[in-house]
Every structure is written in structure tokens, then in C-alpha cells.
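The next block holds one structure in the form of C-alpha cells; read it before the comments.
The values are calculated or read from the model by the stated rules, or taken from the named source; none is laboratory data. Just so we're clear, the structure is a prediction, and the values are computed from it rather than from any experiment. With ideal geometry, Cβ positions are generated from the backbone for all residues, glycine too; neighbour counts draw on all protein chains shown.
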Amino acid sequence: MSNLLEPEQRVLSTLEKDGSRRWLSPRVSKGAFLTQRRAVAYLLIILFTLTPYLRLNGKPLVLLDVIRREFTLFGYTFLPTDTILLALLIVTVLVGIFLMTALFGRVWCGWACPQTVYMEFVYRPIERLFAGTQGKGGTPGKRKEVAGWRKPARIGVYLIVSMFLAHTFLAYFVGVQSLFKWVTSSPFDHPVAFVVMVATTGLMMFDFGFFREQTCIIACPYGRLQSALLDRQSLIVTYDEKRGEPRGKLRKGDDSKGDCVDCHLCVDTCPTGIDIREGLQMECIGCAQCIDACAPVMAKLGREKGLIRYSTQAAMQGEKNHLIRPRVVIYPAIMLAVLTLFGVMLVNKKSADIVMLRNLGSPFTVMDDGQVANSMRIKITNRTDAPASYYVEPAEEHISRIEIAENPLLIGPGESLTEGVLIVAPRSAFLAGMLDTRIRIYDGADFDEQVSCRLLGPAGKAPKPTASSADPVVQEGKP
């Protein structure tokens, strides 16, 4: 006997009261929603598989190159200097998720989330095929379950599918060309990439073969956020308690029972193992399998369909639905403002990024001719798809000259180059040890920009030369 107190009810739908794992084998409830979800799932699988191979404007449609910190989305490449643009894009996506949840509940989880799509329409069908329950689901019979070859065969198919998914997933981060090179060469030629591939495949196997629906229930934070994102007007899967209760088997002449005959099909078909009749729950992913399970039962009994249906909490309480409400107005307003700012910044983005930095060491040097030299670094990022030559020259008359190793600087497409420059100005141009000036960088085509920089120099007046000064004077110091 255990000294621990048993909970009054199940803590999680995937845990028994004693804390052991409750393995789920949901039944397949065929119906209109399952047909629609299957069509959406297969379409998303095709898009997910083909997207790394599609190109737009000569670039991959989607490439998230984390190592080089370049993110290509729909033909436009975001560089490390585009932090604000990426932040605006992420904010737009997040607010869009908030709006979608406020309107349609967890429709993303049940209809489009990769975890649900691959779990319910790839891995579970494979499991049912080897368990002999294809087309209907549920717990396999003992004869099917103990067949010695079925389990290793199922794991083998899981491994093949997981390897394919892992390769497709990594294509989004390394590109199909690099991926093809890795696949066709020896693992010893690219050990790090091979380890990453093996680890990704292992994670796929663990997720879809073992952890399964617990990813939605335990690991994913979206379910826990729904209490803040939903309101009483949000569309969710609901059970009509007024109509269904009290539940029980129907008997002739007994009008005391509700429409729910307690057939338990809505529970048996739930991919997360919950009972929708207990109300809105964190584990519900809005997949509508319980709706498809209940509809034929109601039709067989001659009752109206919709005992379990897509509705809102307000409608179930007899209140009027309101499409226009504060969050449904505020979210689009935020999205419009952010997208407008994003579009303006994107349109005005120049073909090159310039950053001027000061070199380490002495801030300035007084040269033998009495002029002051500041050692700087200039970083130029070529954002175009072709090589470009960038000229560096003074933009102010008080700059005597600019010394640089190569002028112009040739930079390849999408590449960056940092080059040291020496900016020389007469000592008389400095005021209180400082000189604000500008440097012009242009490519002779469509890029021409002037970069502001502050030069440092001696704070006092230049010493008068003496007759006894035989050697040139070079001073280094602080302003």
C-alpha cells in the first residue's frame, strides 16, 4: 500500500492516478472535419517538403542560415544589420497568432501544427497499419499486438520517415545544395553535420515515437497561454451540457435523460485523451474528432447533430456572439501599424550598410608634418546579388586625405568587408580636441552615402617649431 494520497481526478490525460504513463490509441472517427483536416495536412506536408527547393529572385524561398546569420524569406535576405526588421516581423507573427486564437481558438493546434499533422496523419497511420487497426484505430487486439515482426518493422519505418523529416528540416537551415553534398559524401568529410543529422533524427524518433501527444500537453506553452488569449467569444470545441445532461442510456418512455448516451466515443477518439464533456481544457487541441464521433450517434438516434460542435462559451450560455470586440480591433490595429513600419523601412533599405568604428590603441597620432591622423575601421556590407566596388573619400574640405589599402573596395554579393582607414586632418581644424566630419562611400551606381564620424586630436595649440629641432616630431596621446 502506498502512503501517498491518490488524486481525486486524473492530473493529466496521459497519466494514470498512480503516476504511470497512460498510452493512448485513439479511435479514428470519420467525418467531414477529418476529411478536411486530412486534405489540409497533406497539403502542408507537400509545402513543407518542397519549400527548401523553391526559389524566388534567384534565392531560396526560405533559408535560415544561422551560422552566417542570414535569413532569406520569400526572396529577401535579412542580414545581421536588419535586427529591427526581423523584430518587427516576429512581432507581426506573434500578434497574428493572438488574433487567430481570439477568433478561432486553437485551430492552429488541431489543423496546422506540424506536431499534429505528422503525428495524426503520418505516424499514427503507420502504427495502425502494423497493429492491424488501420482505418479504425483503437487498441490493437492481442493477436496483432504479440506478432514478433510487427514492432521492429514499425520502428524501422519510423526511422526512415524520421530521417526524411530530419533532412527536410535541416534543408531550411543549410540549403538543399549543402544537404545534397553531405548526403552523397562520407560522414567523415563533415562529422559535425553528420552528428547534427543523427541528433535531429533521434529527436524526431523520440518525439513522434515515444513522447507523442505529451508534446502538446506538457512541452508546448501555447495550451497554457490559451486562458489569456481566448475570451468568451472565441470559437472552440464545446459540449452542449444543457442538451446532453443528464447523460445515460436511452429507454423507451424515459424522458429524464439528455441526448448524451454516454457512449464514450468522444473520449476514445480524442488524440490527447480528454473528455470534452468536462468543459474547456488545456489539453484540447480543437481537432474536432469528438464532433465527428458524436454526429453519427445523434443521427442514429434521430437526434439533432451538434451535441458537440464548434461554438463559443457565450453562445453555449445563451448570450449573443460579438465578432467586433476590443481584442479583435486592437490586434489588427497593432499588426497594421507594425507592418506599415516594416514596409517603409524595407522599401527605404539601401543596397549597402556602412559602419564606422574606431581602432583600438591611441585615439590619434600627430604626424611629422603637424597633421593629426585617426585610425578607424570601416565595415561595408554589400546587400546586392552582384559584386560591387565601393569608393571611400572625404566629404568635407577640412579632411586632408584618407589612406586605405585598396580604393575602391571590391565586395562580393551578400558579403561584408572590414578595412582599416587612416583619416588625416590639419591640427587647426580641431576644436577642443574634436572634429566632427563626414566620409563619403559610393559605388558609382545607385549607392552614395555620407557617414558621420568624430575625430580626436590635441586640445591645445600646435607648438611652434624651434631651430634646435633636428628630428621630426610624432606625438601620441589623448585629447
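General remarks:
- Of residues in the range 211-231 being part of a helix (DSSP H, G or I) and in contact with a Ser or Thr (Cβ under 9 Å, 6 or more places away or on another chain), the one farthest from L15 (Cα to Cα): L229
- Candidates P394, P465, P426 - the one that is at pLDDT below 90 and not polar (S, T, N, Q): P465
- In the range 366-383, residue modelled with the lowest pLDDT [restricted to those that are under 30 Å from G414 (Cα atoms) and surrounded by 15 or more Cβ atoms within 10 Å (Cβ to Cβ)]: R383
- Per this entry, T35 is not counted among residues that are hydroxyl-bearing (S, T, Y) and in contact with a Lys or Arg (Cβ under 8 Å, 6 or more places away or on another chain).
- Every residue from the range 428-450 that is under 45 Å from the mean Cα position of the chain (by Cα), in a strand (DSSP E or B) and surrounded by fewer than 17 Cβ atoms within 10 Å (Cβ to Cβ): D436, R438, R440, D448, Q450
- Every test in (1) at pLDDT below 90; (2) within 15 Å of Y123 (Cα to Cα) is passed by M205 save one, and that test is (1).
- Of residues in the range 41-59 being assigned to a helix (DSSP H, G or I) and free of Cβ contacts under 8 Å to residues at least 12 places away in the same chain, the one nearest to W111 (Cα to Cα): L43
- For the range 77-96, taking the residues that are aliphatic (A, V, I, L, M) and either exposed (fewer than 15 other Cβ atoms within 10 Å of the Cβ) or under 23 Å from R212 (Cα atoms) (or both), the one that is farthest from the chain's Cα centre (by Cα) is identified as I84.
- Scan of the range 237-267 for residues that are outside any loop (DSSP other than H, G, I, E, B) and either more than 36 Å from the chain's Cα centre (by Cα) or buried (at least 20 other Cβ atoms within 10 Å of the Cβ) (or both), ordered by number: V237, T238, Y239, E241, K242, R243, G244, C266
- A single member of I441, I404 is modelled with pLDDT of 90 or more, hydrophobic (A, V, I, L, M, F, W, C) and either outside the structural domain of D369 (by TED's automatic domain parsing) or over 30 Å from Y76 (Cα atoms) (or both), and it is I404.
- Considering the range 75-110, the residues that are modelled with pLDDT of 90 or more and either outside the structural domain of T340 (by TED's automatic domain parsing) or out of contact with any helix residue (DSSP H, G or I) (no Cβ under 8 Å at 6 or more places or on another chain) (or both) include one that is farthest from Q177 (Cα to Cα), namely F104.
- Residue tally, condition in a helix (DSSP H, G or I) and in contact with a Lys or Arg (Cβ under 6 Å, 6 or more places away or on another chain), over the range 60-96: 1
- Restricting the range 185-230 to residues that are polar (S, T, N, Q) and either closer than 21 Å to W108 by Cα or in contact (Cβ under 8 Å) with a residue 24 or more places away in the chain (or both), the residue that is surrounded by the fewest Cβ atoms within 10 Å (Cβ to Cβ): S227
- Meets criteria (more than 30 Å from Y76 (Cβ to Cβ) and touching a Gly at 6+ places or on another chain (Cβ under 8 Å)) for G361: no
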